[in-house]
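No value in this document is a laboratory result; all are computed from the given coordinates. This one's a predicted model, so the numbers in the text were calculated from it and none came from an experiment. Reconstructed Cβ throughout: ideal geometry from the backbone, glycine too, with neighbour counts over all protein chains shown.
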Amino acid sequence: MPKASDLKKGSVVEIDGEVYFTRQIEKRNPSARGASTLFKVRFFNVRSGQKLEQTLKGDDFIKDGDLVRRSVQFSYREGDITTFMDTENYSQYALNAEAIEEQSGYMTEDLEGMIALLVDGQIVGVEIPQNVELEITETAPGLKAASASARTKPALLSTGIEIQVPEYLESGERIKVNTTTGKFVSRA
């Protein structure tokens with residue numbers, strides 16, 4: 001059984017016989033001496049999608065939920081539903097777009113290394129690689145006199161997200177983007 005201090009975003013736990021997916025963790029350090037660290041955690045019920053917020057002490061024990069990780073590939077989007085295909089047995093998993101809202105801007109059809117998180121055969125989330133390659137579709141023209149300084153400009157990527165890139169990059173170039181921070185890493 002892990003402690004509340006060991007929880008991470010994406011952890012699966014069991015509370016009152018229901019399986020929950022950890023979406024958000026906020027750490028609070030009380031200023032009083034001897035007070036333990038508090039964790040305000042937002043859970044989502046795997047089956048119903050309902051929110052559950054709890055404040056836990058760092059040494060509270062939480063029951064681990066059963067989680068299976070499967071290698072998947074992005075198949076298609078239809079309305080609010082995104083479908084993934086298991087790369088081993090070709091089964092299909094449909095997931096509500098809200099569950100992968102933060103990651104959808106980095107997903108392309110050729111993205112490799114995605115992992116589906118399954119609880120009781122039902123997909124609850126997707127892990128994507130730390131860095132992904134995307135193409136710049138629209139940005140201001142590159143400057144010939146651009147220096148190696150940290151001056152940036154906005155760029156629209158092939159998936160529809162906008163990030164800041166160095167001013168020497170042009171439309172049509174492929175770049176690596178960090179999926180955790182949403183920042184430019186390097187040219188691809």
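Give a residue-ordered list of calculated ³J(HN,Hα) values for segment 171-188 (Karplus: 6.51 cos²θ - 1.76 cosθ + 1.60, θ = phi - 60°; whole Hz; x for Gly, Pro).
After applying 6.51 cos²θ - 1.76 cosθ + 1.60, I find 4, x, 7, 9, 10, 9, 10, 7, 6, 7, 9, x, 10, 4, 10, 6, 6, 8 Hz.
Which of rounded, prolate or oblate describes segment 54-99 when judged by the alpha-carbon gyration tensor and an a/c cut-off of 1.5?
Oblate, because a/c is 1.5 or more while a/b does not exceed b/c.
Step through the residues of segment 124-135 one at a time and calculate ³J(HN,Hα) from phi using the Karplus curve (6.51 cos²θ - 1.76 cosθ + 1.60, θ = phi - 60°), rounding each to whole Hz and writing x for Gly and Pro.
10, x, 9, 9, 10, x, 4, 10, 10, 9, 9, 9
Pull up all non-local amide H partners of G65: gap of 5 or more, or a different chain, and H-to-H distance under 5 Å with H placed in the peptide plane.
Excluding prolines and chain starts, which carry no amide H, the hits are V12, V13, E14.
Cut-off under 27 Å on the C-alpha distance; same-chain residues fewer than 8 positions from K8 excluded. Which lysines are left, in chain and number order?
Result set, ordered by chain and number: K27, K40, K51, K57, K63, K176, K183.
For the chain, the longest stretch holding no trypsin sites (Lys or Arg not before Pro) located in a DSSP loop with at most 14 other Cβ atoms within 10 Å is which?
Between the exposed loop sites, the longest stretch runs 48-143.
Considering the zone a paramagnetic label at T37 would reach in this model (a point 7 Å from Cα along the Cα-to-Cβ line), which residues of segment 11-27 have amide N under 12 Å from it?
Of the residues in segment 11-27, 26-27 have backbone N under 12 Å from the label point off T37.
Restrict the search to segment 1-100; then list the chymotrypsin sites (Phe, Trp or Tyr not before Pro) that DSSP places in a loop and that have at most 14 other Cβ atoms within 10 Å of their Cβ.
Sparse-neighbourhood loop chymotrypsin sites (Phe, Trp or Tyr not before Pro): Y90.
Quick check: Cα centre of segment 1-60 to Cα centre of segment 153-188, how many Å?
34 Å
Looking at the square roots a ≥ b ≥ c of the eigenvalues of the Cα gyration tensor of segment 72-148, which shape do they give, rounded for a/c under 1.5, prolate if a/b is larger than b/c, or oblate?
prolate
Can you give the longest stretch of the chain with no exposed loop site, where a site means GluC sites (Glu not before Pro) in a DSSP loop (not H, G, I, E or B) with at most 16 other C-beta atoms within 10 Å?
Value returned for the longest uninterrupted segment is 1-87.
For segment 1-50, calculate the relative contact order in percent as a whole number, restricting contacts to Cα pairs under 8 Å that are 6 or more residues apart.
31 percent
Take E138 and K3, extend 7 Å from each Cα along the Cα→Cβ direction, and tell me the distance between the two endpoints in nm.
5.1 nm
Determine the distance separating the Cα centre of segment 97-111 from the Cα centre of segment 115-133; give it in Å without decimals.
With segment 97-111 and segment 115-133 each reduced to a Cα centre, they are spaced 10 Å.
Can you tell which of I175, T108, N29 lies farthest toward the positive end of the dipole of the chain, using +1 and -1 charges on the Cβ of basic and acidic side chains (Lys, Arg; Asp, Glu)?
Of I175, T108, N29, it is N29.
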